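These notes concern the structure reproduced below.
Laboratory data are not the source of any read-out in this text; all were calculated from the coordinates shown. Everything numeric in this text was worked out from a predicted model, so none of it was measured. Cβ placement follows ideal geometry from the backbone for every residue including glycine, while neighbour counts extend to all protein chains displayed.
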Amino acid sequence: MRAHEECLACDLATGKRPLPGGRIAEVDGWVVEHAVAPLGLGTLIVKPLRHVLHVADLGDGESAALGPLLRRVSAAVTELVRPEQVYVCLWSHAQGRPGHLHFVVQPVRKADMERFGAFGPSLQMAMFLKDERPATDDIEAFCARVRPLLTQPARVRPSLGQ
Ligand SMILES: [Zn+2]
């Protein structure tokens, strides 16, 4: 892959900057990592290996893989965290400039909402302002638990109601 200069997402993916927990999974041009932003333990990042700035610029293969991967990552954090909701969002607009796109998959616990008195974008903003990051040991332990869920073949689950 070709890394882009001065890109945090590329630097984390290539190991130029330390990534707590390491790469969790790589699937069809996408990588999964634990977030470095202060969005709580278990918040994962899904981003293309390529330095892509706009969803419209994704390739056919990357696009086809995206939906199943976001579903699988969301299911994995749901299984481990048992959150109230899993937010999946994409801003990638640091300092008002398009950045290496990365989906944030954030399991939101009831305790998070109660502690910050907020939910949705307001909760994320409150967490950014508080700027508390999980301990590296906790991130590494979480990554060790979530990695098998994302690197082993998907289990077949019966649909609800069947
Ligand atoms: Zn990049």
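Annotations
- Hey, S122 away from the ligand (no atom under 16 Å from the Cβ), buried (at least 19 other Cβ atoms within 10 Å of the Cβ) and of a type in the set (G, A, S) or not: no
- Taken over region 85-124, the residue count meeting the criterion of being within 17 Å of the chain's Cα centre (by Cα) and more than 17 Å from L53 (Cβ to Cβ) is 13.
- Filter pass, H102 being of a type outside the set (D, E, K, R) and over 23 Å from T151 (Cα atoms): no
- Residues satisfying the stated conditions in region 128-142, i.e. assigned to a helix (DSSP H, G or I) and either without any contact (Cβ under 8 Å) to a residue 24 or more places away in the chain or under 17 Å from P20 (Cβ atoms) (or both): L129, T136, D137, D138, I139, E140, A141, F142
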